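First the structure, in the form of structure tokens, and then the observations on it.
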Amino acid sequence: MPSDPKRPENVPAANNQPLPDSAAGNPEDTSGPHGLLDHRLSRRSFLSQVGAAGVVATAPPLLAAAVPEPTVTAATDGHSGSVPTAPLTLNVNGQDHHLQLDPRTTLLDCLRENLNLPGTKKGCDHGQCGACTVHVNGRRVNSCLSLAMMHVGERITTIEGLGTPDKLHPMQAAFVEFDAYQCGYCTSGQIMSAVAAIKETCGPSDEDVQHAMYGNICRCGAYPNIVAAVQHARKHVES
Ligand code: FES
Ligand code: FES
């Protein structure tokens, strides 16, 4: 028996009857509710509707309504001529600072570049080393991962606000006493982290301190001295 040339290979026709043209996908068959032309039309109209929805969703007037226009001021980035900025007030080390910043400025860059507080260090700039640790309302924050705009109305403390050269914070004094640094690049972040950590649920053992401080990397490997300093200081801070 000759095979049906319109039937795909390995697909038997029911009851050995030839497949109807529309079911076999005859491109010239445009009749019937499921013909090829019907399929093309419905697919095309579907894509047209999706495309129209996309255009509506990304229409500039709607975006402009959702995002307020920041003020455009004179150039401060040294590259593009002018950058959009917005006004904000930050409370840092007990003092209010009125600023006009690019909204994308991180808290770390704001502290170092705009407020001239270089004690907070930029290590990785990716939230991986802890060198940029500051306190926001008494809790540890990696300032490289946080935008300055997010901290309006909050209390920010940096290493410069923790103690003074004449009156060191007990944690600063312990780091000096226990020689808990070598190059010193990580030290301000270690101290800020330690001060907050011992106010959190940090257990009494050295391992507990290590665990509480795991986000602060010391490339010089001063970890044993850092833990000893934290254990010593917490007796004064907690008593
Ligand atoms: Fe922020 Fe490394 S500079 S975590
Ligand atoms: Fe050098 Fe910690 S003292 S990285």
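Relative to the Cα centre, what is the charge dipole magnitude of the stretch 84-161, using +1 at the beta carbon of each Lys and Arg, -1 at the beta carbon of each Asp and Glu, and rounding to the nearest 20 debye?
About 240 debye.
Using R₀ = 35 Å, calculate the FRET efficiency as 1/(1 + (r/R₀)^6) where r is the Cβ-Cβ separation of residue 200 and residue 82; round to 0.05. Efficiency computed from Cβ-Cβ geometry: 0.20.
The fewest-to-most ranking of 125, 179, 109 by surrounding Cβ atoms within 10 Å reads 179, 125, 109. Taken about its Cα centre, the stretch 163-239 carries a charge dipole of about 160 debye when Lys and Arg each add +1 at the Cβ and Asp and Glu each add -1 at the Cβ. Sort 226, 159 by Cβ crowding within 10 Å, fewest neighbours at the top. Fewest to most other Cβ atoms nearby, the residues stand as 159, 226. Footprinting exposure proxy ranking of 113, 200, 160, fewest other C-beta atoms within 10 angstrom first, gives 200, 113, 160.
Each of 85, 111, 98 was scored by the projection of its Cα onto the charge dipole of the stretch 84-161, and the greatest displacement toward the positive side belongs to 111; charges sit on the C-beta of Lys, Arg, Asp and Glu.
Taking one quarter of the surface of the convex hull spanned by the alpha-carbon atoms of the stretch 84-161 gives a direction-averaged projected area of 4.5 nm². The length gained on full extension between residue 219 and residue 183, counted as 0.36 nm times the residue separation minus their Cα-Cα distance, comes to 12.1 nm.
Maximal additional length on extending the residue 173-residue 235 stretch stands at 21.0 nm, based on 0.36 nm per residue less the C-alpha distance. Placing dummy labels 7 Å off each Cα toward the beta-carbon, the span from residue 96 to residue 210 is 4.7 nm.
Take the Cα of residue 154, step 7 Å along the line toward its Cβ, and report every residue of the stretch 92-111 whose backbone nitrogen sits under 13 Å from that point. The answer is 92, 106-108.
Rule-based calculations on the coordinates, nothing more; no lab input. Since the structure is predicted, the reported quantities are computational estimates derived from the model, not experimental observations. When we count neighbours, we look across all protein chains shown, and the Cβ atoms used for this are built from the backbone with ideal geometry, even at glycine.
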